[in-house]
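First up is the structure itself, then whatever we jot down about it.
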Amino acid sequence: MKKLILLFVAAGAGFSAMAQVRGGDNFFAQKYTVDLDFPVGVLLQSPTSSFPLNYTNVAYSNVDKVKMNAGISYGYDVEVGYFLGLQGKFGIGAGYQSMMQTSTVELGNFRVDYQSQDQKGHVFRQILSSVNPIKETLTINNSNIPVVLKYKKRFTTKIGLFIDAGILYNIQETNKWKSDATFNYEAAYKFTGNKSGAPTLYDNALNPGDADWLITAAMYGRTVTQGFMSVNGVFDSLRKSGYNVALGVKPTSPSGTINYTTGSIGFTFRPAISVRLKPRLHLKIGAFVNYQTFKNNTTGGYVLVDNMGTKYSSLLNTVSSTTATTMGLNLGLRYFFGIPKDKQFDGKYDE
């Protein structure tokens, strides 16, 4: 009887030990996982841009480089993973990632002097310039398929380490843009005779000649008599008379959508500390870095804006490629699923 009691005590202790393993951290060693991540951070973009001046006989230009400012990025990532070996420290995973991003693209100075012809058939020097630095607001939808290597290690029954690193295959990069551009259309006329109305020539000097008729805001700002007519009034009157001049013209197409070429390959790195919430459910607190390069089909014969702003072309149409780095904090969950196994027959689940 005494031996039988000892046997039951030993069996109870064994079952208690197994139950402790089952109820503790042992699901950390399971092979199959599902991850749900919520990355939030900053977007940094570096464009490769060439700004062509496809205007007729350009005499003068002052055009800055296109630049992209830092923006905000947030989204979600869903992945399924499988860990290899008895200890299951290394694995592979794949899923879907969607990032919503905002940014701005800017052009500082923009002025182009080129040959044009007014409604009366007179050749003249068109002076086209932006009133202020041009800014386009971007709303970006970036969708990818991540394929990653996974690593996990536990320090205690509650605390561990997760690391995911791999590639991002881009399936969509949509840029919705909206511009605040406003333009001035000024002019310089060079006459073959001594008076206005004589046949005109195109003045292609670096600066318009002193004898040219300058229809500019600066010139009329100095010469218009106070109380007679405003500078805008002079320009409105001249435009109605057939001269291609105006101040503060807003494009009739100030917004649109540009899709970058899909199929680019990028990289992702996501380290995180894990905190066990339940035997199968772990919280992830960490960081992330995404690095991607996108290509864009630039517009042939590009002009920023045409006659009187009736058609505006986004600054993104001058960008042939963009390097994008997204980094920040990541908060997520990992769920372990599957049936624990004891291949070693030691009374404990394989780790």
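Put simply, the amide H of Gly256, placed in the peptide plane, has neighbours under 5 Å in Trp177, leaving out anything fewer than 5 places away on its chain. Close amide-amide hydrogen proximity is noted between Arg154 and Leu161, each under 5 Å apart and 5 or more residues distant or on a separate chain (H modeled in the peptide plane; Pro and chain starts excluded). Within the listed set Gly93, Gly332, Gly85, the residue fluctuating most in the Gaussian network model of the chain (springs between alpha-carbon atoms under 10 angstrom) is Gly85. Computed from point charges on the beta carbon alone (+1 for Lys and Arg, -1 for Asp and Glu), the dipole magnitude for the chain about its Cα centre is near 1680 Debye.
The fewest-to-most ranking of Tyr189, Tyr335 by surrounding Cβ atoms within 10 Å reads Tyr335, Tyr189. Summarising the amide proton neighbourhood of Val63: residues at separation of 5 or more, or on other chains, whose placed amide H is nearer than 5 Å comprise Arg111. Across segment 159-169, coupling constants 3J(HN,Hα) worked out from phi with the 6.51/-1.76/1.60 Karplus curve, θ = phi - 60°, read 10, x, 10, 10, 9, 10, 8, x, 10, 10, 9 Hz, and Gly and Pro carry x.
Between Val78 and Lys135, the C-beta separation translates, for a Förster distance of 45 Å, into a calculated FRET efficiency of about 0.85. Here the label points at Asn109 and Lys176, each 7 Å from Cα along the C-beta direction, are separated by 3.5 nm in the simple model.
Placing a label point 7 Å from the Cα of Ile265 along the Cα-to-Cβ line, the residues of segment 166-180 whose backbone N sits under 20 Å from it are 166-173. Over 20 Å apart at the Cα level, from the set Lys135/Lys311; Lys250/Lys311; Lys190/Lys311, are Lys190/Lys311. Expressed in Å, the radius of gyration and Dmax of the Cα atoms of the chain are 33.3, 133.
Rounded to the nearest Hz, the phi-derived 3J(HN,Hα) couplings of segment 111-116 under the Karplus curve 6.51 cos²θ - 1.76 cosθ + 1.60 (θ = phi - 60°) are 8, 9, 9, 8, 7, 9, where x marks glycine and proline.
Across the options Gly160, Ser253, Thr323, the greatest Cα extent toward the positive end of the charge dipole of the chain (unit charges at beta carbon of Lys, Arg, Asp, Glu) belongs to Gly160. Over the chain, dividing the summed -39,500 (n - 2.57) contributions of all DSSP H runs of at least 4 residues by the number of residues returns a 222 nm mean residue ellipticity of -3500 deg cm²/dmol.
If you line up the long axis of helix 231-240 against the longest principal axis of the chain, both from Cα atoms, how many degrees apart are they, to the nearest 10? Approximately 80 degrees, to the nearest 10.
For the chain, find the longest principal axis of its Cα atoms and tell me its angle to the long axis of helix 2-23, 0 to 90°, nearest 10. Taking the Cα atoms of the chain, the angle to 2-23 is about 0 degrees.
Taking θ as phi - 60° and the Karplus parameters 6.51, -1.76 and 1.60, the scalar couplings of segment 40-48 work out to 9, x, 10, 10, 10, 10, 10, x, 9 Hz in sequence order, x denoting glycine and proline.
FYI, it's all coordinate maths here, none of it is from the lab. Note that this is a predicted model, so its numbers are computed, not measured. Don't worry about glycine lacking a Cβ; one is built from the backbone with ideal geometry, like all the others, and counts go over all protein chains shown.
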